[in-house]
Amino acid sequence: MNAHKILQDLEKKHPGELEYLQAVKEVLESIEEVYNKNPQFEAAKIIERLVEPDRIFTFRIPWVDDSGKVQVNLAYRIQFNNAIGPYKGGLRFHPSVNLSILKFLGFEQIFKNSLTTLAMGGGKGGSDFDPKGKSDAEVMRFCQAFMTELWQYIGPETDVPAGDIGVGGREIGFMYGMYRKLARENTGVLTGKGLNWGGSLVRPEATGFGNVYFANEMLKTKGQSFEGKTVVISGFGNVAWGAAIKATQLGGKVVAISGPDGYVYDEAGISGKKIDYMLQLRASNQDIVAPYAKEFGAKFVAGKRPWEVKCDIALPCATQNELNGDDAKALIANGCWCVSEGANMPSTPEAIEVFHKAKILFAPGKASNAGGVATSGLEMAQNSSKLNWSAEEVDRRLHDIMINIHKACQANGTDATGYVDYVKGANIAGFLKVANAMLDQGVL
Ligand code: NDP
Ligand code: 2IT
């Protein structure tokens with residue numbers, strides 16, 4: 001494989017799809033050496049078959065808002081690769097959603113799902129619908145309209161969507177209801193369901209918990225733990241919330257969270273009731289974190305990201321490319337020595353280079369945020385067997401999965417000096433399983 005040549009071809013075919021090209025470039029660079037050592041991959045054109053999705057569905061969603069006006073949104077479902085299991089991945093509702101963003105997310109999902117050790121392929125979908133300022137009734141009508149189109153492409157053994165930015169329990173509920181009505185069946189076709197209708201305990205917390213479990217494994221390699229450490233988190237959504245709970249439980253002090261409007265600095269630590277308040281903020285559909293500062297007498301820094309706050313551990317949990325090279329330098333200058341991504345691709349390539357040069361602990365999202373989709377896989381297992389597991393059982397399995405992903409990264413990413421390049425490790429381990437499955441199954 002000539003990674004440079006493949007990228008050049010992709011740039012020509014998909015000009016302007018910056019996030020997608022960024023995600024592909026990172027994987028190609030990480031796996032090039034292993035790929036070229038195994039000529040069977042080249043002979044089967046594995047990489048050419050992996051970088052393009054199996055198929056993309058694009059559809060239009062008309063719906064009626066509360067004032068009686070007709071609104072039209074655009075939506076997609078990308079089925080990227082199902083060599084090791086049904087397509088699996090979230091749905092994102094955010095005005096920024098476009099094909100490039102969903103293709104990057106779907107591509108990353110292939111390797112992430114492979115790392116979980118469970119049988120799940122990669123997929124992603126969503127819409128440019130903006131939940132901000134919408135009433136519950138509007139969200140319901142949109143979700144129902146969305147599902148009247150999506151339902152024909154998905155199924156419990158075919159393609160199993162879940163939540164992502166802008167899609168939480170409420171949206172999954174509205175979509176599941178419509179699917180059930182159209183398909184006339186009750187199955188585990190979506191994950192992140194409510195507990196009364198097939199959901200799994202711990203799924204809401206799982207991405208954030210998993211991220212902290214992964215970070216803890218990294219800290220252990222240095223004989224350290226979360227105890228007494230200062231933690232900065234970006235975002236205030238589902239992932240940030242779970243990470244704040246677990247980091248606090250393990251003895252860390254979370255001093256910052258953020259939103260598109262700026263960040264909150266709470267020197268006393270964001271714990272207990274204050275973490276519960278994050279849920280209220282999200283449910284308000286207002287898209288701002290500032291009210292936290294007022295409620296709890298903390299400092300609000302408008303228009304800034306939290307990477308200027310002094311910390312030991314940073315957990316970026318908001319969105320892609322939210323931490324650039326300068327932010328990375330600022331973190332390191334302030335003493336940060338562990339960064340574990342809860343979001344998908346939050347660090348730019350320049351930021352990752354800064355972390356690697358400084359030899360700090362750095363975990364890429366496809367490894368460290370895999371706990372969310374892994375627990376979706378556990379929800380699917382419970383649905384198939386028509387059983388519910390206890391919170392302890394799910395959490396134990398999630399914890400084991402994160403420990404195993406950490407081991408896989410170490411096994412494939414440790415260099416001659418003993419430094420672990422978790423990006424390389426995650427990409428190689430995730431890739432090999434899928435590539436070998438594709439080889440076994442012939443040219444498809
Ligand atoms: P939520 O919608 O619950 O929260 C998303 C957070 O990111 C919010 O704080 C949101 O603020 C902020 N955000 C979104 N877009 C932007 C933007 N363009 N600029 C600045 N801030 C932004 O989503 P999740 O917590 O579920 O998702 C967060 C990240 O974690 C995403 O990268 C997602 O892909 C990833 N992830 C999620 C998993 C899950 O299970 N939910 C699993 C694995 C990864 P606002 O909405 O106000 O813009
Ligand atoms: O990015 C992700 O892994 C998710 N949004 C969760 C996907 C899932 O199927 O649970």
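Within the stretch 355-370, residues that are at positive phi sit with their Cβ atoms under 8 Å from residues that are open to solvent by 10 Å² or more (accessible area, probe 1.4 Å) and more than 11 Å from ligand 2 (Cβ to nearest atom), at 6+ positions apart or across chains, in these pairs: 359/419.
Of the residues making up the stretch 171-193, those that are of a type outside the set (Gly, Ala, Ser), part of a helix (DSSP H, G or I) and buried (at least 17 other Cβ atoms within 10 Å of the Cβ) are 171, 172, 174, 175, 176, 178, 179, 180. If you check residue 212 against the conditions, is it within 17 Å of the chain's Cα centre (by Cα), part of a strand (DSSP E or B) and in contact (Cβ under 8 Å) with a residue 40 or more places away in the chain? It is false that residue 212 is within 17 Å of the chain's Cα centre (by Cα), part of a strand (DSSP E or B) and in contact (Cβ under 8 Å) with a residue 40 or more places away in the chain. Just checking, does the stretch 157-176 include any residue being of a type outside the set (Ser, Thr, Tyr), within 21 Å of residue 99 (Cα to Cα) and without any contact (Cβ under 8 Å) to a residue 12 or more places away in the chain? Within the stretch 157-176, not a single residue is of a type outside the set (Ser, Thr, Tyr), within 21 Å of residue 99 (Cα to Cα) and without any contact (Cβ under 8 Å) to a residue 12 or more places away in the chain. Of the residues contained in the stretch 98-107, one or more are found to be under 23 Å from residue 412 (Cα atoms), within 16 Å of ligand 1 (Cβ to nearest atom) and of a type outside the set (Phe, Trp, Tyr). Give me the residue from the stretch 194-231 that is basic (Lys, Arg) and within 19 Å of residue 395 (Cβ to Cβ) and, out of that set, most open to solvent (accessible area, probe 1.4 Å). Checked the stretch 194-231; the qualifying residue most open to solvent (accessible area, probe 1.4 Å) is 220. Would a scan of the stretch 334-351 turn up a residue that is within 16 Å of ligand 2 (Cβ to nearest atom), open to solvent by less than 10 Å² (accessible area, probe 1.4 Å), in contact with a Phe, Trp or Tyr (Cβ under 6 Å, 6 or more places away or on another chain) and hydrophobic (A, V, I, L, M, F, W, C)? Among the residues of the stretch 334-351, not one is within 16 Å of ligand 2 (Cβ to nearest atom), open to solvent by less than 10 Å² (accessible area, probe 1.4 Å), in contact with a Phe, Trp or Tyr (Cβ under 6 Å, 6 or more places away or on another chain) and hydrophobic (A, V, I, L, M, F, W, C), which makes the answer no. Could you list, in sequence order, all residues of the stretch 39-53 that are over 27 Å from residue 349 (Cα atoms) and either part of a loop (DSSP other than H, G, I, E, B) or within 28 Å of the chain's Cα centre (by Cα) (or both)? 44, the sole residue that qualifies.
Please verify whether residue 34 is without any contact (Cβ under 8 Å) to a residue 40 or more places away in the chain and away from ligand 2 (no atom under 12 Å from the Cβ), treating the condition exactly as stated.
So residue 34 does not fit the description; no.
Those residues that are outside any helix (DSSP H, G or I) and either hydrophobic (A, V, I, L, M, F, W, C) or surrounded by fewer than 24 Cβ atoms within 10 Å (Cβ to Cβ) (or both), I need them from the stretch 91-110; list them, please.
The answer is 91, 93, 94, 95, 96, 97, 98.
Taking (1) surrounded by fewer than 22 Cβ atoms within 10 Å (Cβ to Cβ); (2) touching a helix residue (DSSP H, G or I) at 6+ places or on another chain (Cβ under 8 Å) in turn, residue 442 satisfies each apart from (2). Taking the criterion of being in a loop (DSSP other than H, G, I, E, B), away from ligand 1 (no atom under 14 Å from the Cβ) and surrounded by fewer than 20 Cβ atoms within 10 Å (Cβ to Cβ), the residues of the stretch 247-271 that qualify are 250, 251, 267, 268, 269, 271.
Rundown of residues vs (1) surrounded by fewer than 24 Cβ atoms within 10 Å (Cβ to Cβ); (2) in a loop (DSSP other than H, G, I, E, B); (3) at pLDDT 95 or above, yes/no style:
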site	(1), (2), (3)
326	yes, no, yes
372	no, no, yes
387	yes, yes, yes
418	yes, yes, yes
427	no, no, yes
434	yes, no, yes
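Only a single item in (1) at pLDDT 95 or above; (2) part of a helix (DSSP H, G or I) is not met by residue 279, and it is number (1). Counting only residues that are outside any loop (DSSP other than H, G, I, E, B), out of contact with any Lys or Arg (no Cβ under 6 Å at 6 or more places or on another chain) and open to solvent by less than 10 Å² (accessible area, probe 1.4 Å), which one in the stretch 124-136 is nearest to ligand 1 (Cβ to nearest atom)? Restricting to residues being outside any loop (DSSP other than H, G, I, E, B), out of contact with any Lys or Arg (no Cβ under 6 Å at 6 or more places or on another chain) and open to solvent by less than 10 Å² (accessible area, probe 1.4 Å), the top hit is 124. Return a yes/no flag: does the stretch 2-20 have any residue that is closer than 30 Å to residue 135 by Cα and either surrounded by fewer than 17 Cβ atoms within 10 Å (Cβ to Cβ) or touching a Ser or Thr at 6+ places or on another chain (Cβ under 6 Å) (or both). No, that holds for no residue. The numbered conditions (1) part of a helix (DSSP H, G or I); (2) away from ligand 1 (no atom under 14 Å from the Cβ); (3) open to solvent by 10 Å² or more (accessible area, probe 1.4 Å) are all true for residue 74 except (1). Residues that are over 26 Å from residue 114 (Cα atoms) and of a type in the set (A, V, I, L, M, F, W, C) within the stretch 31-74 comprise 59, 61, 63, 64, 70, 72, 74, listed in sequence order.
The values are calculated or read from the model by the stated rules, or taken from the named source; none is laboratory data. Computed from a prediction, not measured in an experiment: that's the story for all the values here. Note: ideal-geometry Cβ built from the backbone for every residue, glycine included; neighbour counts use all protein chains shown. Side chains are part of the model used for accessible areas, which takes the heavy atoms of the whole protein and leaves out ligands, DNA and RNA. Shrake-Rupley method; radii C 1.70, N 1.55, O 1.52, S 1.80 Å.
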